[in-house]
Amino acid sequence: MGTVDYWSNAFTPERLALWERAVAGAGIPVKIRTKPDDSFCDPEEMIERMDELGIDTLVLVVADPDAWRGVHDFTSVAAASVGQVDKLAERFPGRFVAQWSYDPQAGSDGVRRARAALSKPWTVGLHLHTHSFDRPFDHADHYPFYSLAAEVGVPVVMQAGSSGGLSPSACGAPIGIDRPALYFPEVNFVLSHTGWPWVEEAISMALKFPNVYLGTAVYPARHWNESLRRFVGGAGRRKVLYGSGFPAAGHRHTLAQLGELELSQEALSNYLGENARRVFGARLSA
């Protein structure tokens, strides 16, 4: 079984200018992949890249364009549209799936929209761009969406750790998943972006709860601290997911660094794909 990238943003060429403007306005240093062989491209070229690198599936973030504008204008910059993913899923079955990025401010209307998105066969989970809303993971506004995830049987993937811009970071503290993981044991939660700078806190949540996982999107292996390196190859070999966070990190860029970790074949296979298949379940291969 090949690699699964659990978090990739929209990748087609027209998004490059949007990302460049967003990065310029972020207020802190942010990099994006701009080398031609690891950057934005047409779907056909992305499929060729995936085949070359052994990537089976990209899990794209999807939302209604301009549906919400929080602290970060995430949807118009990074998320694919429903129409785009419809076409990709039809042309390349199983290669492109999506997770619906919900708006916790939208109340029952937001839950209905998320339910409609989850009715698409290519929607494999819910997604939270945490810092756009400045709500910790145990905020009441998230619970209707967690309940929907439990009902439908999909995971929730969330940005954890520090904000990627000049906005509050405390809402991304990994400890916030403590109560939701208790209340919704049937929901798999993925704390993305390694939880940095609270990596040990994120690891402690993954160790405590069978339904809490870590994701490494936007953080290539050379940026991991020693605790995470040990965790991926040891106690956490079934609890960490590979992600690029494209275009913040490209697929060639992230995969090229994995040899430096000296992981066992079991740990590497789990990290690159098997853990994602456990988290997303049957929908990923449907």
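Derivation of every value follows stated rules applied to the coordinates shown; laboratory data play no part. Because the structure is predicted, anything quoted here is derived from the model rather than measured. No Cβ is skipped: glycine too gets one built from the backbone with ideal geometry, and neighbour counts run over all protein chains shown.
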- Task: Decide, for the range 234-286, between rounded, prolate and oblate: order the square roots of the alpha carbon gyration tensor eigenvalues as a ≥ b ≥ c, take rounded if a/c falls under 1.5, and otherwise choose prolate if a/b is larger than b/c, else oblate.
- Result: oblate
- Pairwise label distance in nanometres, S285 with Q105, each label 7 Å out on the Cα-Cβ vector: 4.1 nm
- Calculate the length of the line joining the C-alpha centroid of the range 130-180 to that of the range 198-224, in whole Å. 15 Å
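Quick one: order V85, V97 by neighbouring beta-carbon count within 10 Å, fewest to most. Let's see the in-between values first.
Values: V85 22, V97 26.
The fewest-first ordering by Cβ neighbours comes to V85, V97.
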- Note on the structure: Place a point 7 Å from the Cα of E186 in the direction of its beta carbon; the residues of the range 118-155 whose amide N falls under 12 Å from it are 147-154
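Would you please classify the overall shape of the chain from the alpha carbon gyration tensor, given that a ≥ b ≥ c denote the square roots of the eigenvalues, rounded means a/c under 1.5, and beyond that prolate means a/b larger than b/c while oblate covers the rest?
Because its axes are fairly even, with a/c under 1.5, the chain counts as rounded.
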- Note on the structure: Between the residues G236, L191, V82, the Cα farthest towards the positive end of the dipole of the chain, that dipole coming from +1 and -1 charges on the beta-carbon of Lys, Arg, Asp and Glu, is from G236
- Item | Cβ-derived FRET efficiency at R0 35 Å, K35 paired with R91, nearest 0.05 | 0.85
- N225 to D134: FRET efficiency via 1/(1 + (r/R0)^6), r the Cβ-Cβ distance, R0 35 Å, to the nearest 0.05? 0.85
- Note on the structure: Shape call for the range 155-286, from the Cα gyration tensor axes a ≥ b ≥ c (a/c under 1.5 means rounded, otherwise prolate when a/b beats b/c, else oblate), comes out rounded
- Task: List, in order, the whole-Hz ³J(HN,Hα) value for each residue of the range 121-132 obtained from phi through the Karplus relation with A = 6.51, B = -1.76, C = 1.60 and θ = phi - 60°; use x for Gly and Pro.
- Result: x, 8, 8, 10, x, 9, 9, 10, 8, 3, 6, 5
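Do the sum for the chain: with -39,500 (n - 2.57) for every DSSP H run of n ≥ 4, divided by all residues, what is the mean residue ellipticity at 222 nm, to the nearest 500 deg cm²/dmol? It would help to have the intermediate numbers written out before the result.
Details: 12 runs with 98 residues, N = 286.
Counting only the DSSP helices, I get -9500 deg cm²/dmol.
For K208 and R115, what does the FRET efficiency come to when R0 = 30 Å and r is the distance between their Cβ atoms, rounded to the nearest 0.05? Each step should come with its number before you reach the end.
Working: r = 30 Å, r/R0 = 1.00.
Taking R0 as 30 Å, the efficiency between K208 and R115 is 0.50.
Which value, in debye to the nearest 20, describes the size of the charge dipole of the range 3-285 about its Cα centre when Lys and Arg Cβ atoms bear +1, Asp and Glu Cβ atoms bear -1, and nothing else is charged? Provide the component values of the computation, followed by the final result.
Working: 27 positive and 32 negative charges, 77 e Å.
Using only the charged Cβ atoms, the result is roughly 380 debye.
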